[in-house]
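No lab work stands behind these numbers, since they all come straight from the coordinates. For clarity, every value in this text was computed on a predicted model and none was experimentally measured. Please note: Cβ atoms are built from the backbone with ideal geometry, for glycine as well, and neighbour counts cover all protein chains shown.
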Amino acid sequence: MKPSEQEAPKLVETSPNISNDSSASEKGEATSQQQSNNGYALTVDEVIEQHIGALGVAQIVHALLVSIAWTFDAQSTLISIFSDAKPASRLLTTGAIVEGSMLCGLSTREWEWVGGKSDTIVSEWNLICQHKFLVALPSTLFFIGSLFGSGVYGYLADSWFGRKKTLLISCLLTFVTALAISFSPNIWVYAFLQVVGKKWRGQVGQYGFFFFTLGFLSLPLIGYLERKSWRNLYRITSLLPLGYAVFLLPFAYESPRWLLVKGRNKEAMVVLKKLARRNGKQLPADLSLVDPIQGRDGQTTSSSENFWRTKWAVKRIGMVMMAGFGTGFVYYGIQLNAENLNFNLYLTVAVNALMEFPAVFIVSFLLGFMNRRPLFSNSSYLAGICCLLCAVLSLHSVTRALPATKWLQLAVEAVGFMASSTAYDVLYVYGVELFPTNVRNFAVSLLRQAFMLGASAAPLLVALGRESAMMSFIVFGVASVLSGVVSLWLRETRNAPLYETLTQQGKAEETQNVTECS
């Protein structure tokens, strides 16, 4: 899952941002400096701004420390590109390469896998012909697990263990499940462990994008070194989160906001004092922290209940989720579909990983002066056009006529993936801006679910693409274009105010519509 899926936390938090403490932290932030009998009280943000420093060495180092876990998220999400790939096969008599459905008419004594049976799960368990769609089952279940995992993970982080302990549990369970996967006796156990493992993985950090990309980039190297054994590939990647949990995570701090919400004020103050000391500063002796819980009586109305009673919000989230489904389908689908290109799989994945960098910089730059709706739709259109071009370039008649077709297809696919990544990031920002504060987290969580639902459908099409690469690229292209078309019914949010409630935003937009019509 991409780091951009989470709303960027303030750097002063500098602890695993697994779920938002919006209701509590906003109350604390809204409470200005308060007088007490022994001195004065500040919110966590006020302490940071006035006494620690908004951007210090301590915050940067800590944010980098907790964001390393994004590396393992990328590896666990995309490892199936290599472990579930279909290797080449050849005839025993002539050594000629046999492709696609031609294997189905041959006896197992007439052909063999070029690299041996242990290369991937496809070669080890013969997931071809009538069993070809079984190879899509693990990845599909993996993404479905994401739908439930974020909720369970966030609940544990908010209610029971806090950010640091939940991240520790996540890393340890990632290690256990990845190691267990490497001993899977069949496709069914393999698929089951995929969904269990993803259920416990979540989001962490401020600089997650860079570590996610590093994890993405590491996969081709690890995959190439262990190209003879998909089981060893899982074993190597399982050791990384274990090492992180044992040697690095103990140096991370718990979230001071979470500690404060849980009434552990002294522990929250200890964390803030450590941050201050590492920045070469010291907190006043008479300083205390504002209780973020106070003053919330009578404000327990369910945001989701109000949300579903508001027609404009329901219609809008429907459009956003349709766009999100298509965007997630294409973004993850292009990555998983890399094996269906007429090019080296390892180089293709490395190029895709590198294209994440220009995508995020393009988004950061263009969001400053471009409208959200055309930026998202045009990115989706570009991704769709590139997918359709890849479909054309996958035709045998084209590959025979153009000697450089493979390189051209790789370049087009890379641009398409960059455009899809751009659309993914823009839609997340767009979704945040389309809804008011009291339902924003709820709406964004629905968008995330739409992303993962789309992702869960992608492996099925990738499996089909092994028989017809052209068809898989056509479907991805059409889906991307349709995602852009759906966004045309959404409001533009650039330079628009962020409203606090559904009622406030509904009245303001209604007034704006009347003004525009007149």
Legend entry - Residues whose placed amide H lies under 5 Å from that of Leu289, excluding near-sequence neighbours: Leu42
Legend entry - Acute angle (nearest 10 degrees) that the helix 372-393 long axis makes with the longest principal axis of the chain, alpha-carbon atoms: 10 degrees
Inset, instruction - Once you have the Cα-Cα distance between Met102 and Leu482, take 0.36 nm times their residue separation minus that, and quote the gain in nm to one decimal. - result: 133.4 nm
Legend entry - Helix-derived mean residue ellipticity, 222 nm - over the chain, DSSP H n ≥ 4, -39500 (n - 2.57), to 500: -20500 deg cm²/dmol
Inset, instruction - Would you grab the residues whose amide H sits under 5 Å from the one on Ser255? Only those 5+ places off in sequence or on another chain, please, with H modelled 1.01 Å from N. - result: Arg163, Lys164
Legend entry - Ser89 long-range amide H proximity, modeled H, under 5 Å: Val98, Val114
Inset, instruction - On a C-alpha basis, how far is the centre of region 461-518 from the centre of region 251-273 in Å? Whole number, if you could? - result: 40 Å
Legend entry - Integer Hz, Karplus 6.51/-1.76/1.60 couplings in order for region 326-340, x for Gly and Pro: x, 5, x, 4, 6, 4, 6, x, 4, 5, 5, 7, 4, 5, 8
Inset, instruction - Provide the FRET efficiency to the nearest 0.05 for the Val57-Gln504 pair, computing r from the beta carbons and using R0 = 35 Å. - result: 0.30
Inset, instruction - Write down the percent of antiparallel bridges among all DSSP beta bridges whose residues are both part of the chain, to the nearest 5. - result: 75 percent
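Pairs to check: Lys311/Lys507; Lys228/Lys406; Lys165/Lys262; Lys165/Lys281. Give those whose C-alpha atoms are more than 20 Å from each other in this structure.
From the list (Lys311/Lys507; Lys228/Lys406; Lys165/Lys262; Lys165/Lys281), the Cα-Cα distance tops 20 Å for Lys228/Lys406; Lys165/Lys281.
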Legend entry - Between 0 and 90°, nearest 10: helix 469-486 axis offset from the chain longest Cα axis: 30 degrees
Legend entry - Folded to 0 to 90 degrees: helix 187-199 orientation relative to the chain principal axis, Cα: 20 degrees
Legend entry - 3J(HN,Hα) from dihedral phi, region 122-129, Karplus parametrisation 6.51/-1.76/1.60, rounded to Hz, x for glycine, proline: 5, 6, 6, 10, 6, 8, 9, 6
Legend entry - Estimated vicinal HN-Hα couplings, Hz - region 67-73 in sequence order (Karplus 6.51, -1.76, 1.60; Gly, Pro = x): 7, 4, 4, 4, 4, 6, 5
